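Beneath this line is the structure, given in structure tokens, with notes to follow.
The values are calculated or read from the model by the stated rules, or taken from the named source; none is laboratory data. Being a predicted model, the structure only gives us computed values, none of them experimental. Note that we place each Cβ from the backbone using ideal geometry, even for glycine, and neighbour counts take in every protein chain shown.
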């Protein structure tokens, strides 16, 4: 029986003088102490937060989507939709902690499948956004023609047309708001944009471990803590983009400016799709 097991397995070591002694079991056999404390002490937080803020604030596909949703549906809907993105990020952090991120990095087939799925979805979303901006131009032109026709009718009849008729004319489609989009659909868009980007998972695989202490005794819990902290930082930045979009909406920007913002957002998504298509592992 090892000396540290003590008499009859009581944990009290047997010594020559029977005093019990102070000898402890070997380090590799001791139960882990203060495991939760390693979530804090094994992470270089002072270096992590500035890097995380810079990374999260940089405009990307999801941040552009938050800006667009804030402009079209309001900041509350945009922030709610961003929960889909953070659900995808949480799955990525769990995958990294489980070691699956390294498998994706090493497997060219898995990387290519996720990569081209992300390229296709980003391209589709970008084309759709640009098309929406173009469709707004057509609606405005039809509305202008209808208003001109109403004005001619008024001058020809020598009187004003009824108020209700004026509003029910072709100008109405240009002034009528779009049908509200469900929160679930917006969240699904955010989730797919985040999950279909293999660079995001590889980013977590490479980015988070850089802020672990070199002498860290535990890895899984500190990685999870880093992932949760990054999601919190990303959430704050997403709220900023959503608030910016909501502010632009509250200012009552013209339809022309809104179309241009939609077109710019769509072009940005197409550009990100092209960048992702040319990136290698």
Within segment 88-115, count every residue that is closer than 14 Å to residue 204 by Cα, at pLDDT 80 or above and in a helix (DSSP H, G or I).
10
Select from segment 187-239 the residues that are at pLDDT 90 or above, within 24 Å of residue 124 (Cα to Cα) and surrounded by fewer than 18 Cβ atoms within 10 Å (Cβ to Cβ) and list them in ascending order.
188
Would you confirm whether any residue within segment 58-81 is within 12 Å of the chain's Cα centre (by Cα), within 25 Å of residue 220 (Cα to Cα), touching a residue at least 12 places away in the same chain (Cβ under 8 Å) and part of a helix (DSSP H, G or I)?
no
Given the conditions (1) more than 30 Å from residue 107 (Cβ to Cβ); (2) modelled with pLDDT under 80; (3) in a helix (DSSP H, G or I), which single one is not true for residue 161?
(3)
Can you find even one residue in segment 210-224 that is closer than 30 Å to residue 77 by Cα, in contact (Cβ under 8 Å) with a residue 40 or more places away in the chain and either more than 18 Å from the chain's Cα centre (by Cα) or part of a helix (DSSP H, G or I) (or both)?
yes
In segment 70-87, anything over 20 Å from residue 258 (Cβ atoms) and surrounded by fewer than 18 Cβ atoms within 10 Å (Cβ to Cβ) is listed as 83, 87
